[in-house]
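Here is the structure we will look at.
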Amino acid sequence: MSDAPYLSLEKLTLAYGDTVAVANLDLPIRKGELVALLGPSGCGKTTTMRAIAGLLPVKSGHVRLDGADITRVPANKRAVGLVFQSYALFPHLSVYENVAFGLKLKGMRGTGLDAKVRSGLTSVGLSSFANRKPAELSGGQQQRVALARSMVMEPKVLLLDEPLSNLDARLRLEMRTELQRVQKETGVTMIFVTHDQAEALALADRIVVMKNGKIEQIGSPEDIYNRPTSSFVADFVGFENIFPIEQGKMKTSSGLIDLSGPAPSAAGLAWRPRMVTLGSGPFRGTVRGTSFAGDSREYLLDTPFGPIKAEVEASQPAHALGSDLSFDLPAEKAAPLSRFA
Ligand SMILES: Nc1ncnc2c1ncn2[C@@H]1O[C@H](COP(=O)(O)OP(=O)(O)OP(=O)(O)O)[C@@H](O)[C@H]1O
Ligand SMILES: [Mg+2]
């Protein structure tokens with residue numbers, strides 16, 4: 001993996017008519033990287049992918065790939081592969097013919113073509129399914145045909161837009177591993193769209209969190225999970241207790257609250273439920289809800305400064321609904337946020 005960007009989006013602005021969907025987006029991607037675009041519905045993920053693929057004209061800014069400015073290059077000349085959420089295989093063609101389709105369009109024939117298609121099918125574990133029709137395959141197998149169909153074209157960049165969203169939970173996990181394996185084996189640069197944070201964390205080398213057509217944070221899975229920089233990202237990755245900080249104090253519905261320890265300098269602090277201390281501390285709350293999650297138990301507390309979620313190991317004694325408990329929000333455990341909202 002070299003450090004110079006292989007694909008770069010530079011000040012990219014994309015619009016549908018007068019409505020700007022993506023604004024001034026800068027994103028350099030290294031060769032061989034697996035990048036996940038993560039964000040809520042409507043934040044501009046598909047729009048960004050369509051622009052990289054050449055399916056949406058760029059309003060302003062540039063797309064560069066492998067040293068060339070491809071901003072105005074037509075889609076079929078870009079060497080960018082695309083696998084969509086609905087992967088639309090040709091229903092009347094066999095698995096083999098589906099995978100061969102694009103190669104034939106490029107003029108490939110004979111043993112060269114056959115070898116490519118066979119190796120594509122082998123790489124996704126479908127060599128014995130070559131003669132089946134798409135309707136005779138499971139969702140996961142169809143997905144793998146779509147992946148093979150794109151991979152045999154040897155794209156410089158492979159774009160996957162929610163490719164796993166049609167699959168059930170177990171198949172999703174299998175396909176995740178499969179995607180990661182194919183990507184590491186072939187070294188293809190991959191951008192992967194998802195609104196499932198677990199999927200992004202599990203797969204990506206780097207995660208780009210988007211909000212309202214802008215990049216909110218870029219980082220490694222560890223960065224995004226442990227060190228969100230804004231309340232938006234913190235909320236998105238499961239920090240359920242998030243408060244702004246003013247004058248070194250926590251701002252709540254019942255005023256500014258002193259936290260234990262030195263006054264934090266951040267704009268906000270965020271605690272995952274398991275970062276909350278339950279059973280001791282300066283604050284008090286009433287148990288309003290409790291849920292058992294196997295290894296752990298989660299409590300919803302009613303407190304003077306709003307609802308607080310705390311999680312403790314299930315081996316600890318359970319607290320009944322209505323119990324009055326002390327708790328703490330230890331500042332040193334919280335993720336400091338530099339931007340609030
Ligand atoms: N063809 C279109 N015409 C007009 N507006 C569009 C069109 N496609 C998308 N938009 C708008 O552009 C914005 C970004 O849409 P986009 O499809 O990129 O979101 P997304 O992040 O892929 O969301 P999702 O997770 O729901 O797929 C949204 O506000 C959407 O309503
Ligand atoms: Mg989308």
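The values are calculated or read from the model by the stated rules, or taken from the named source; none is laboratory data. Just so it is clear, the model here is predicted, and its values are computed rather than measured. Backbone-built Cβ (ideal geometry, glycine too); neighbour counts: all protein chains shown.
Kindly evaluate residue 192 against the criterion of being assigned by TED's automatic domain parsing to the domain that holds residue 78, of a type in the set (Phe, Trp, Tyr), buried (at least 19 other Cβ atoms within 10 Å of the Cβ) and out of contact with any Gly (no Cβ under 9 Å at 6 or more places or on another chain).
Yes; evaluated as a whole, the condition is true for this residue.
How about the range 177-209: which of its residues are more than 16 Å from ligand 1 (Cβ to nearest atom) and among the acidic types (Asp, Glu)?
178, 185, 205, listed by residue number.
Does residue 91 count as surrounded by fewer than 17 Cβ atoms within 10 Å (Cβ to Cβ), away from ligand 2 (no atom under 16 Å from the Cβ) and touching a residue at least 24 places away in the same chain (Cβ under 8 Å)?
In short, yes.
On the given criteria, is residue 148 in contact with a strand residue (DSSP E or B) (Cβ under 6 Å, 6 or more places away or on another chain) and assigned to a helix (DSSP H, G or I)?
Numbers: in contact with a strand residue (DSSP E or B) (Cβ under 6 Å, 6 or more places away or on another chain): no; assigned to a helix (DSSP H, G or I): yes.
No; evaluated as a whole, the condition is false for this residue.
Provide a single number: the residues in the range 29-54 that are within 16 Å of ligand 1 (Cβ to nearest atom), surrounded by 15 or more Cβ atoms within 10 Å (Cβ to Cβ) and part of a loop (DSSP other than H, G, I, E, B). First the steps, then the outcome.
The initial filter retains those residues of the range 29-54 that are within 16 Å of ligand 1 (Cβ to nearest atom), namely 35-54.
From what's left, surrounded by 15 or more Cβ atoms within 10 Å (Cβ to Cβ): 35-39, 43-54.
In the following step, the residues that additionally are part of a loop (DSSP other than H, G, I, E, B) were identified as 39, 43-44, 54.
Number satisfying all stated conditions: 4.
Would you please name the residue that is farthest from the chain's Cα centre (by Cα), looking only at residues in the range 1-23 that are of a type in the set (S, T, N, Q) and surrounded by 15 or more Cβ atoms within 10 Å (Cβ to Cβ)?
The extreme case among them is 13.
Could you identify the single residue in 102, 61 that is more than 20 Å from residue 35 (Cα to Cα), in a strand (DSSP E or B) and of a type outside the set (S, T, N, Q)?
On the way: 102 fails: in a strand (DSSP E or B).
Step by step, each of 102, 61 is checked, and only 61 is more than 20 Å from residue 35 (Cα to Cα), in a strand (DSSP E or B) and of a type outside the set (S, T, N, Q).
Can you find, within the range 143-170, the residue that is farthest from the chain's Cα centre (by Cα) among those that are buried (at least 22 other Cβ atoms within 10 Å of the Cβ) and farther than 23 Å from residue 31 by Cβ?
145
Of the conditions (1) away from ligand 2 (no atom under 16 Å from the Cβ); (2) modelled with pLDDT of 85 or more; (3) of a type outside the set (Lys, Arg), residue 159 satisfies every one except a single condition; which number is it?
For residue 159, the failing item is (1).
Quick one: which residue in 267, 204, 263 is under 13 Å from the mean Cα position of the chain (by Cα) and not β-branched (Val, Ile, Thr)? Let's see the steps before the verdict.
Values: 267 fails: under 13 Å from the mean Cα position of the chain (by Cα); 263 fails: under 13 Å from the mean Cα position of the chain (by Cα).
When all the criteria are applied, what remains is 204.
Scan the range 124-142 and report the pairs whose first residue is under 14 Å from residue 92 (Cβ atoms) and whose second residue is among the hydrophobic types (A, V, I, L, M, F, W, C) and at pLDDT below 95, with Cβ atoms within less than 6 Å and a gap of 6+ or a chain change.
These pairs meet every condition: 134/89.
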